[in-house]
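Undergrad: Pasting a structure here, questions to come.
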Amino acid sequence: MDTLGYLAHGFAVAFTPTNLLWCLLGTTLGTAIGVLPGLGPALTIALLLPITYQVAPEASFILFAGIYYGAMYGGSTTSILLNTPGESATIVTALEGNRMARSGRGGAALATSALGSFVAGTIGTLGVAFLAPIVVKFALAFGPAEYFSLMVLAFITVSAVLGSSSVRGLTSLFVGFVIGMIGVDLQTGQPRFTFGMGELLDGVDVIVVAVGLFAVGETLYMASRRYAGKDEIVPLKGSLYMTASEWARSWKPWLRGAAIGFPIGAMPAGGAEIPTFLSYAIEKKLSKHKEEFGTVGAIEGVAGPEAANNASAAGVLVPMLTLGLPTSATAAIMLSAFQSYGINPGPLLLTTQANLVWGLIASLFIANVILVILNLPLIGLWVRLLKIPAPQLYAGILVFATVGTYGISQSPIDLIILYLLGAAGFLMRRFDFPTAPVIIGMILGPLAETQFRRAMTIANGDWTVFYRHPLSLTLLTLAFIGLVGPHIWAWIEHRRRRGPEHVPGDA
Amino acid sequence: MSTSDQQASPPRLAIPELLIGVGLLACAGAVAWQTLAIPVSPLYSKVGPKVFPYITMAGMVILSLLLILAAVRGGWQPDEEKETPTDWKSMGFVVAGLVANLVLIQPLGFTAASVIMFVLVCFGFGSRHPLRDALLGLVLALAAYFGFARALGVNIGAGLIENQLNALINALFGMGKG
């Protein structure tokens, strides 16, 4: 079967009444948690992981994918009306979107962001459907050495290249490695890092880590920052129908945003920050209304980044489904859901689990349609969610955090680990360490170790295997460039600008 | 690393950042200790369960030294973070709520412990209506218990409140059947 045939089959899976209901539930929940500050898709999917013991894989992945896409739509609403990004990927939307809302054009900002999300999300999902089989063809040639090198590249890009500091990003990643190694070593059966505690033999559950870092850590951080200024909700003004000139100014940024977002998301680097910032910069340069940027709010500055954000969210699914390579915290938690079903994402997934993968992709198209309906005509509903006061919101988040954690094994030990991770999450948030690499490190670290040991076993313990294979060498070289390149670049820039007067007598 | 090389005033040692670096170094030490404790069969000559832990430990040592270096050079906190004072009282109430939850969840059950945590956290965040919060917390905890725990089949600790309600529900269902 070709891609279209598979896709038709996928729609047959996704259009069953129960799966449509899962999709509706996921998109609604996703929009809600996207709107609420302090809750994100990674945390929500982690809390819902126990559902994998109850329902078929198709159903839970349609639910998770709905949450994942929905959070992107919901996050932009918060950015525009509250100026507090609901999600890290919607920081740029807040720049222009909130200014538009303040100058009475909030309706148009919400409309262009929802429609742009729809256009880019649909393009991105088409991209997933057509690119995934191509990536699979390449991936089939990968041996353990190539997989390991690819993972090294992903580790470097998610922790060192993105974010404000490579040292702090890598620190988070290595903490994730340590957490991931706790428990019984799968190849030799030896317990590792258990400190002699029986409770740790099964390892630390990803639910506990995600909830600790994202829910407990975030709540502690918000409590400690109560002196910081509060943001006001801008009342929704302006028609949700865009005028002809607003349409004319929106459609090109949507397409450009999708063209920037999808490829960057699909690379084993992920992250929505770079494509959204890139799109913003491009729209600012190309706009005929430069004077609106940073003053009354330019619609291009909302349309482009929102499209880039959603297209890159779709792109992240390509390495996740074809290579088993998650490049965001949410994707890493979805990967652990696959593991919970005993499914290994990788090149064979598209054929061995055709129902699941193509049903999932088809449901993403449906999710986009549902989401644009949920987020335009029903926007008033979500605006009301923004009015939930912070005390009750954060107290409620902690109640759900307890349910999710204590429910795993009814052991107070899990709660203690949760609180320790919460304290760590608070410190990380306070001292500007990114948290996503912890989750990626803990999920992907053990997989990288498995590939490493497999490659070494095949090569009879010969370390050179990683650079004797040309593909593996290329990937490692890219990783190395990613690690040191930015520093060398900064150093050259530094020298070029300040060099002459900095070193007297050098001329 | 720190890009603020404005040499106007000599960089001062940043104590919190230094503590983080030292803490990470201590973690690397713990990793080394636990790695040495991994028993390895002498017959197992392939890459064993210790190699990755050693790589991780080496990475952590390097990173913690880089963090300490950055701390000595004046730290990396963004100015806005430095200038906002920490609200210890607010945090204290949140921590008290978390600890109360931990201590009470086994003797009292999930719902009662959650209500107490809810009220304490709300108070920490500045809400001054403990009674209303307790009611809200009760509704939310019950919704979480029945919606989440029963629907997802997650077994969370039942206490007096849950047992009474479970009995009530079973009685109602029994009546429905009869």
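Please treat every number below as a calculation from the coordinates, not as lab data. Remember, it's a predicted structure, so these values are computed and weren't measured experimentally. So basically every Cβ, Gly included, is an ideal-geometry build from the backbone, and we count neighbours across all protein chains shown.
Undergrad: From the helices alone, meaning DSSP H stretches of at least four residues, give me the mean residue ellipticity at 222 nm for chain A, per-run term -39500 (n - 2.57), in deg cm²/dmol to the nearest 500. Write down the numbers at each step before the final one.
TA: Numbers: 22 runs with 357 residues, N = 507.
Taking each H run of at least 4 residues, the total per residue is -23500 deg cm²/dmol.
Undergrad: Moving on to the next point. Give the aspartates and glutamates reachable from A:Lys252 as a straight Cα distance under 15 Å; neighbours fewer than 8 places away on the same chain don't count.
TA: A:Glu283, A:Glu300, A:Glu306
Undergrad: Normalise the Cα radius of gyration of chain A by 2.2 N^0.38 Å (N = residues in it) and let me know the number.
TA: Numbers: Rg = 22.8 Å, N = 507, 2.2 N^0.38 = 23.5 Å.
Against the empirical 2.2 N^0.38 Å value, I get 0.97 for chain A.
Undergrad: Across the stretch B:15-83, how large is the tail of the calculated P(r) beyond 14 Å, expressed as a percent of all Cα pairs? All intermediate terms of the calculation are to be shown ahead of the outcome.
TA: Numbers: 1524 of 2346 pairs.
Value for the stretch B:15-83: 65 percent of Cα pairs lie more than 14 Å apart.
Undergrad: Still on this structure: Take A:Glu199 and A:Asp432, extend 7 Å from each Cα along the Cα→Cβ direction, and tell me the distance between the two endpoints in nm.
TA: It works out to 3.6 nm between the two label points.
Undergrad: Quick one, could you list the DSSP H helices from chain A stretching 15 Å or more along their long axis (Cα atoms) with average Kyte-Doolittle hydropathy of 1.6 or above?
TA: Long hydrophobic helices here: A:354-375.
Undergrad: Shifting gears a bit: Name the aspartates and glutamates eligible as straight-distance cross-link partners of B:Lys50: C-alpha to C-alpha under 12 Å, and not fewer than 8 places from it in the same chain.
TA: Result set, ordered by chain and number: A:Asp185, A:Glu449.
Undergrad: Still on this model: What Kirkwood radius, in Å to one decimal, follows from the Cα pairs of the stretch A:372-427?
TA: For the stretch A:372-427, the Kirkwood estimate is 13.7 Å.
Undergrad: Let me ask another. Taking trypsin sites (Lys or Arg not before Pro) that fall in a DSSP loop and have at most 10 other Cβ atoms within 10 Å as cut points, what is the longest piece of chain A between them?
TA: Segment A:1-229 is the longest.
Undergrad: If you rank A:Val209, B:Val22, A:Val234 by fewest surrounding Cβ atoms within 10 Å, what's the result?
TA: B:Val22, A:Val234, A:Val209
Undergrad: Report the local net charge at B:Ile68: Lys and Arg +1, Asp and Glu -1, summed over other residues whose C-beta lies under 14 Å from its C-beta.
TA: Combined, the nearby Lys, Arg, Asp and Glu give +1.
Undergrad: Within chain A, what is the longest stretch that has no chymotrypsin sites (Phe, Trp or Tyr not before Pro) placed in a DSSP loop and near at most 13 other beta-carbon atoms within 10 Å? Provide the component values of the computation, followed by the final result.
TA: On the way: sites that count: A:Phe195, A:Tyr227, A:Tyr241, A:Trp463.
Between exposed loop sites, the widest span is A:242-462.
Undergrad: For the stretch B:14-24, just list the computed ³J(HN,Hα) in residue order, Karplus coefficients 6.51, -1.76 and 1.60, θ = phi - 60°, integers in Hz, with x standing in for Gly and Pro.
TA: Ordered by residue, 3J(HN,Hα) equals 9, 5, x, 5, 4, 4, 4, x, 5, x, 5 Hz.
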